[in-house]
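Structure first, commentary second.
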Amino acid sequence: MGAILKRNISATGDTSFADLEVSEPSDYAAGIPAVKVALEHLSKESGLFRSIKTLSRMNQKDGFDCPGCAWPDPDKPSKLGEYCENGVKAIAEETTFERVDRDFFKRYSVEEISNWTDYEIGKSGRITEPFILRPDSLHYKPVSWNEAFETIASHLKNLDYPDEAIFYTSGRSSNEAAFLYGLFVRAFGTNNMPDCSNMCHESSGVALSETLGIGKGSVVLDDFEAAEVVMIIGQNPGTNHPRMLSALQKCKENGGSVITVNPLSESGLNRFKNPQEVKGIFGKGTTLTDVFLQVKINQDVALLKLIMKRLAQRDKDGEKVFDHTFIAEKTHGYDELMKSLEDFEDHELLEICGVDPKEIDKAVDILATKSRIIICWAMGLTQHKNGVENIKECVNLLLLKGSIGKKGAGTCPVRGHSNVQGDRTVGIMHHVSKPLNKAIKAEFNFDPPEKEGLDTVNCIQAMHKGDAKVFVALGGNFVSAASDTHYTAAALENCELTVSVSTKLNRTHLTAGKTSIILPTLGRTEQDGGRLVTVENSMGKVHQSKGKLKPASEFLKSEPEIVAGIAAAYFGKNHSIDWHEMGVNYALIREKITNVLNGFKDYSNRSKGTGFYLPNNAREADFTKLPGGKAQFSVCSLPDIQLQQDEFVLMTVRSHDQFNTTIYGMNDRYRGIHGERRVVFMNKEDMAEMGFKPQEVVDLVSTYNGKERRAENFKLVPYDIPSKNLCAYFPETNVLVPIDLYADKSNTPVSKSIVVKIHPVSNSF
Ligand SMILES: Nc1nc2c(c(=O)[nH]1)N[C@H]1C(S)=C(S)[C@@H](COP(=O)(O)OP(=O)(O)OC[C@H]3O[C@@H](n4cnc5c(=O)[nH]c(N)nc54)[C@H](O)[C@@H]3O)O[C@H]1N2
Ligand SMILES: Nc1nc2c(c(=O)[nH]1)N[C@H]1C(S)=C(S)[C@@H](COP(=O)(O)OP(=O)(O)OC[C@H]3O[C@@H](n4cnc5c(=O)[nH]c(N)nc54)[C@H](O)[C@@H]3O)O[C@H]1N2
Ligand SMILES: [Mo]
């Protein structure tokens, strides 16, 4: 009999709340505190001298791409490079002095580590060599690279069908690593390639492909300087894309207006003190938001419909509000859209969205008279049941104004991971692309599988049922990022083998399959034998990234080497693809990408310096690929949100001190939270009405489809949030997101609209 592992799936840590301090939310972002906090994080993790050297290399032409978010660098970077507080924290995490080595795993069993919080697990440091957890063991043990690759290959060979394996990708992998991985998975014989995008911007991809013919945004960075209006809806750039604030500052300096749509008044969108300018350090900074539309969670469609109705009325009254030339030449479905708007009464829409009518008047005035409009959005729109329609409604507004395919205007889905967009471009997807399959066949002489693969939600269900038995992850922290934590953990533990290619330890390594292997890899910042890789930013520009620091351990391999190692072990020496050579020679991978995909001509050369843009039909206002050769208006319905008297809608968001499941620290400075993450923001009047007290300890309970899901021990914090809405941090609240509740068409879990009840905890004080 083997040893039995008991693993804690969602350790809560100390629940005394002794360190929690609540203050007023900040009324500005960045400034001196941002510089101070950034440097504190970096010098604590990796020493001051090394920190300065690291920063001088970030986002420079010959340096490395920031491993944080996907916001683009300016074409002419400043001497200092361009970085932000949270980019620096991402670097600090990667360049830490702490190590997860043989001694570490000898000292701590998997069970012990699983009782730590995600913060504590992450802080244990960089993984130094491959480790294996065997079925009869309570501890990870060192394993050679060779044995690790052979073990993976033999598990893959033992499967009855290739579709019994799952190959997940997070969004930090380079184009080279992702292409090679996608090639191996297809050669192996499955399209089971879920990725973090499934939980992220999948709704954007679906909505934009159907309406504009490309699943990516249409703007470039310079468009922000030329825009008359930037609308930021369901996105918190002050925390998640801080470098975007400089672009908004330029827009404002050039006379543009910013309209913000959010249930919360996020500090980063109020005022920005640019730490790279003297006036940003000593002055008052720039006011960013001109009009704040405080919408109820997931009632953006009602708000957008109301705005469009009001604009349509003014257009009918003879003001030149809509771009009728553009509508006639470039779009389809205008009449249907106009007619559908008549189904709704203004006062109903107003009540549903909950926004102050005076603020809506201001927004309508701005939108009526301007035509260069950019709409930016992120998870506040995508992670709802109707995520796809949320985005289609934004596209409707842009099309009415002729705001697509011209300077200073367009769509801007702000991407998450630094190369999530590039990974998709080079072939990480569960859908079948016929042209891609054809090109792969022509170049590599094998038939890629033609059956659709499983996305994130579907692959979890398949592992849970036992239909999938091997799970391989190129980066990421699957168990903590995905919905329904306990269900997902059970799904992973049901696998024969789980494999994680990782830089740092995380909970997925602990909720592992019967056998589990951790393959440690180089981070973005680290030297890769003089080689460089390429990445694509949120605006479709591809450029190089070259690590500069000494690797965390001499035993690490790069991601392409690891993928090649698995492929070579699986296919053996005499396969028609020379996997070993591909893992060594990244220029060869780039040549193959050029041969297989459009837009990569002269790839290696053109990615030097500031890089090159990939083709983008929406940017050129070319809709010939769409039905009738036209961009498509959509008729969207209002979401169906039915709440009982004691029910609330909960959105799960990021604090200022985390990158997804990596917890940098315990503060959320801009929202006034210090020393604790287990808090729930709640409307003050709701609190009084329900008889709750500030800082009362409660459980959050969801009862979707009759199944109870509970997140225990949270403190209620009174906050400026619409009535019947709540806000808490992910990943602690992922236990509440039902596995079977996801967006129509995109299957994105509904992490931003979970119906919950609040249960008082008897021992609270
Ligand atoms: N420092 C840092 N940077 C990051 C990340 C990180 O964790 N840390 N994560 C990266 C990733 S992968 C991603 S995808 C992005 C995420 O970037 P964001 O989408 O900005 O991240 P969230 O914290 O999920 O914030 C969602 C915002 O939408 C609002 N919101 C929620 N529901 C609604 C709604 O129904 N309507 C409207 N209008 N607004 C709503 C919330 O109040 C919040 O301001 O950031 C990337 N960058
Ligand atoms: N409730 C709720 N759930 C959510 C969200 C939400 O808003 N609310 N957001 C969703 C979104 S937008 C996303 S994108 C997903 C994120 O899902 P993931 O991408 O799976 O999660 P991350 O936390 O970004 O992954 C962190 C891990 O990646 C590894 N890592 C870091 N750098 C590298 C590298 O360079 N190479 C390799 N191989 N590994 C590396 C480290 O081991 C680290 O522990 O979460 C989703 N889950
Ligand atoms: Mo994301």
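Couple of notes before you dig in:
- Criterion applied to Ala177, Ala153, Ala187, Ala165 was being open to solvent by 20 Å² or more (accessible area, probe 1.4 Å) and of a type outside the set (D, E, K, R), and the one residue passing it is Ala187.
- Residue pairs whose Cβ atoms lie under 8 Å apart, separated by 6 or more positions or on different chains, with the first residue in segment 32-47 and closer than 19 Å to Lys550 by Cβ and the second among the charged types (D, E, K, R) and open to solvent by less than 20 Å² (accessible area, probe 1.4 Å), are Leu42/Lys89; Glu45/Glu93.
- Restricted to segment 417-520, the set of strands (runs of 3 or more DSSP E) holding at least 2 residues that are polar (S, T, N, Q) and within 16 Å of ligand 2 (Cβ to nearest atom) comprises 497-502.
- Entirely in segment 287-369, the helices (runs of 4 or more DSSP H) that have 3 or more residues that are in contact with a Phe, Trp or Tyr (Cβ under 9 Å, 6 or more places away or on another chain): 300-316, 324-330, 334-341
- Residue pairs meeting the criteria (Cβ under 7 Å; at least 6 apart or on separate chains; first more than 20 Å from Asp720 (Cβ to Cβ), in segment 297-312; second among the small types (Gly, Ala, Ser) and open to solvent by less than 10 Å² (accessible area, probe 1.4 Å)): Ile307/Ala363; Leu311/Ala368
- Just one of the listed residues (Ile132, Ile214) is more than 24 Å from Asp65 (Cα to Cα), within 23 Å of the chain's Cα centre (by Cα) and either within 16 Å of ligand 2 (Cβ to nearest atom) or in contact (Cβ under 8 Å) with a residue 60 or more places away in the chain (or both), and it is Ile214.
- Filter result for Asn437 (at pLDDT 95 or above and either of a type in the set (Asp, Glu) or surrounded by fewer than 24 Cβ atoms within 10 Å (Cβ to Cβ) (or both)): yes
- For Asp423: the one exception among (1) in contact (Cβ under 8 Å) with a residue 24 or more places away in the chain; (2) surrounded by fewer than 23 Cβ atoms within 10 Å (Cβ to Cβ); (3) on the phi < 0 side of the Ramachandran plot: (2)
- Any hit, segment 31-45, residues being open to solvent by less than 50 Å² (accessible area, probe 1.4 Å), in a loop (DSSP other than H, G, I, E, B) and of a type in the set (Ser, Thr, Tyr): no
- Residues of segment 402-420 satisfying the condition of being in contact with a Lys or Arg (Cβ under 8 Å, 6 or more places away or on another chain) and open to solvent by 10 Å² or more (accessible area, probe 1.4 Å): Gly405, Lys406, Lys407, His417
- Any hit, segment 589-604, residues being in contact (Cβ under 8 Å) with a residue 12 or more places away in the chain, of a type in the set (Lys, Arg) and open to solvent by 60 Å² or more (accessible area, probe 1.4 Å): no
- If you go through segment 78-137 and keep only what is open to solvent by less than 10 Å² (accessible area, probe 1.4 Å), among the basic types (Lys, Arg) and assigned to a helix (DSSP H, G or I), you end up with just Lys89.
- Residue list for segment 490-501, filter: open to solvent by less than 10 Å² (accessible area, probe 1.4 Å) and in contact (Cβ under 8 Å) with a residue 40 or more places away in the chain: Leu497, Val499, Val501
- Search result, residues across segment 638-680 that are on the phi > 0 side of the Ramachandran plot and either buried (at least 23 other Cβ atoms within 10 Å of the Cβ) or assigned to a helix (DSSP H, G or I) (or both): none
- Being among the charged types (D, E, K, R) and either at pLDDT 95 or above or touching a Lys or Arg at 6+ places or on another chain (Cβ under 8 Å) (or both) is a property that does not hold for Glu85.
- Met244 fulfils the conditions (1) at pLDDT 95 or above; (2) within 11 Å of ligand 1 (Cβ to nearest atom) except for a single criterion, (1).
- Search result, residues across segment 190-211 that are open to solvent by 10 Å² or more (accessible area, probe 1.4 Å) and in contact (Cβ under 8 Å) with a residue 40 or more places away in the chain: Cys196, Met199, Cys200, Glu202, Gly205, Val206, Glu210
- Meets criteria (open to solvent by less than 10 Å² (accessible area, probe 1.4 Å), in a helix (DSSP H, G or I) and not charged (D, E, K, R)) for Leu397: yes
- Breaking point among (1) open to solvent by 20 Å² or more (accessible area, probe 1.4 Å); (2) touching a Pro at 6+ places or on another chain (Cβ under 9 Å); (3) at positive phi, for Gly540: (1)
- Residue check, Ala227 away from ligand 3 (no atom under 16 Å from the Cβ), among the aliphatic types (A, V, I, L, M) and open to solvent by less than 20 Å² (accessible area, probe 1.4 Å): yes
The values are calculated or read from the model by the stated rules, or taken from the named source; none is laboratory data. Because the structure is predicted, anything quoted here is derived from the model rather than measured. We place every Cβ from the backbone using ideal geometry, glycine too, and count neighbours over all the protein chains shown. Protein only, heavy atoms only, side chains kept; ligands, DNA and RNA dropped before computing areas. Shrake-Rupley method; radii C 1.70, N 1.55, O 1.52, S 1.80 Å.
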